[in-house]
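Take a look at the structure below.
What follows draws every value from the coordinates through simple rules; no lab data is involved. For clarity, every value in this text was computed on a predicted model and none was experimentally measured. Every residue, glycine among them, receives a Cβ derived from its backbone with ideal geometry; neighbour counts consider all protein chains shown.
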Amino acid sequence: MDQPLWRPSAERIASAQLTAFARRMAQQHAAPLPDYAALHRWSLQERERFWAGVWEFCGVIGERGARVLLHGEQMPGSRWFPDARLNFAENLLRRADDAVALASRAEGAERRTLSWRELGLQVSSLQQWLRSAGVGAGDRVVGLLPNLPESVVAMLAASSLGALWSSCSPDFGVQGVLDRFGQIEPVVLFAADGYRYAGKPHATLARVAEIRRSLPSLRELVVLPWLEPDPDLAPLPGARRWDEVLAAFPPRALAFERLPFDHPLYVLYSSGTTGAPKCIVHGAGGTLLQHLKEQRLHVDLRPGDGVFYFTTLGWMMWNWLVSALASEARVVLYDGSPFHPDERVLFELAEAERLSVLGLSARFLDAVSKSELTPRDEFDLASVHTILATGSPLLPEGFDFVYERVKRDVCLSSISGGTDIVSCFVAGSATLPVHRGELQCAALGMDTRVFDASGRSVVGEKGELVCARSFPSLPLGFWNDADASRFHAAYFERFPGVWAQGDFAEATARGGFVIYGRSDAVLNPGGVRIGTAEIYRPVERIPEVQEALAIGQQWQGDVRVVLFVRLREGVALDDALRARIRERVRAEASPRHVPARILQVADIPRTRSGKIVELAVGDVVHGRPVANLEALANPEALALFANRPELAQ
């Protein structure tokens, strides 16, 4: 069996919060829980005791009630903590002292901080204004904002009243915003006058005006001056400035509306690459409990720790990051390009902020690994005990890069879950070793498995990633889906009563997982299912290749693999490089994986959260319309794949 890249020390295991939690559960319930595998089994066998234990261990503020789970064998249909009352914002604002709660860095701006006291005061003023505007439980409040402290304040103020929060990043086009916000009919919109990215300012108020005209439900518009200290609001009659709104209501004691456990908190959106985005409604209690479990037990996050994830308000990792306030951590925000002025910027941030937890996308790590940068030689990363990676599968070479060039003594946790559950099915643990290319473990309380086509649980075979039993952050459903038919079709149609995540994966004998890509992007040449990540791994190890995208092209009654590559600047694809690519794929994957056609492109389309979009490229290659261009960060790149004569041969 291969040796791990990293093992936690005995001291780290002994001091981990997960170890303390397991000890407490073992004592309270007379259950021997000697290791992670035993704790995970117990968390499924004794779900009620486990989740009640998470509530108590993590200090959830609210009334728990006597009952933990109703209709527990139903999915969907179960109800968690049916008697509980809590408020999400109250749990995040549990401190009111002068320690730093939020630290903010952004392109073209000075570092800013908000103490716990200052954060609470701003939330109080905004809460009062929202209440004066008639906002109450169940109303929708939305943000078109950069990743700034004001965005967190707006979310907390809305959720303190029981209003639903939903957000997009300000780089979304008008139609992309309307495709999302238009479905949920918001009453208040918070928007910035612009944002900065890659050294360039981008004004947004003209788009905001168009969005406002197209949302008849809006009663109020609040503009945050960000690009300009005094933006011209004349084209937005009735709009209010952020600072004026806060100044109108002197802070006073916060009042939190305690509501049922499953009261809706967030509306998040599917990527929308195959049609209009689905509006996924998440409950306050399930979101809070899952995030506390993941951050305290899996990530070992503690009060005062600096935690960062590179994200925007258009990705669920922003919601996950902000929840770290409930663990009394210091949340670090960044707005701008992760490559401006160069690939050092996020490592500089990690050093300057003395981060404990550094969250990055797999694609970012892959890109930096192809640069000349060796972060461990240039930066003091002694405070970083955990590096998180998600967004797409982290290639084995990405693991090598972290341990060889970033930091040797660090827990690298590649995690997997998604917008669908605003949390993780597969997680990391500071008490477990890290193996190359492998996600460490199924998350506690999550019956994560891999099913074959017949619905049989398998280990060591590729299949569908599923969750076989109910969990607290199961979405409440989709917006405007009264009979839940769309919700059911999205997750429960293939294996009734079992959540199918839509990932092509493999469970390993030691309890870890390997993710091979999205199931709907799986290639099927000659009837053999191939995950696209299986091709990307060998191809992206070739120095000339920056990144790759593979699709299955319908060809002569079968499917053939077509590979597109973006190469280093100045490199041209020739027959010799094609031969090397094919040889590498054949040697490291199989002959079935070898692409029939290899084509060079100048850019690869991706979603706004950085995921490459094989399905959209497949549509272009087959002459089908792409359902939702607004879901893409760079839709112009699709033209590079259209009408390629090489694909007619």
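The table below gives the values:
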read-out	value
Relative contact order of segment 362-427, pairs being alpha-carbon contacts under 8 Å that are 6 or more residues apart, as %	35
Cα centroid separation, segment 562-579 to segment 582-649 (Å)	14
At most 12 other Cβ within 10 Å, DSSP loop - trypsin sites (Lys or Arg not before Pro), segment 393-475	Arg408, Arg456
Per residue convex hull volume, Cα atoms of segment 234-326, in Å³	206
Whether segment 1-102 is rounded, prolate or oblate, judged on the alpha carbon gyration tensor where a/c under 1.5 counts as rounded	oblate
Taking Asp447, Asp483 and counting other C-beta atoms within 10 Å, the order from fewest to most	Asp483, Asp447
The chain pair-distance distribution - Cα-Cα, 20 Å bins, rounded %	19, 55, 25, 1
Mean-position separation - Cα centroids, segment 309-381 and segment 80-95, in angstrom	29
Ratio of Rg to Rh over segment 522-648 (Cα coordinates, Kirkwood Rh, two decimals)	0.94
Neighbour-count order for His291, His622, fewest beta carbons within 10 angstrom listed first	His622, His291
Segment 522-648: relative contact order in percent, alpha carbon pairs under 8 Å with at least 6 residues between	22
Percent RCO, i.e. relative contact order, over the chain, from Cα pairs under 8 Å lying at least 6 residues apart	13
Calculated FRET efficiency for the pair Asp520/Val174, C-beta based, R₀ 30 Å, to 0.05	0.60
Lysines whose Cα lies under 25 Å from that of Lys278, excluding same-chain neighbours fewer than 8 positions away	Lys611
Partner aspartates and glutamates for Lys200 [C-alpha distance under 18 Å; skip if fewer than 8 residues away on the same chain]	Glu107, Glu110, Asp171, Glu228, Asp335, Asp342, Glu343
Antiparallel DSSP beta bridges within segment 522-648, percent to nearest 5	75
Residues Ser270, Ser485, Ser159, sorted so that the one with the fewest Cβ neighbours within 10 Å comes first	Ser485, Ser270, Ser159
Qualifying lysines (Cα of each under 17 Å from Cα of Lys370; at least 8 residues distant if same chain)	Lys407
Low-density loop cleavage sites - GluC sites (Glu not before Pro) in segment 439-536, where at most 14 other Cβ are within 10 Å (DSSP)	Glu461, Glu493
The chain: calculated mean residue ellipticity at 222 nm from DSSP helix runs of at least 4, using -39500 (n - 2.57)	-8000 deg cm²/dmol
Segment 233-291: trypsin sites (Lys or Arg not before Pro) falling in loop per DSSP and having at most 13 other Cβ within 10 Å	Arg252
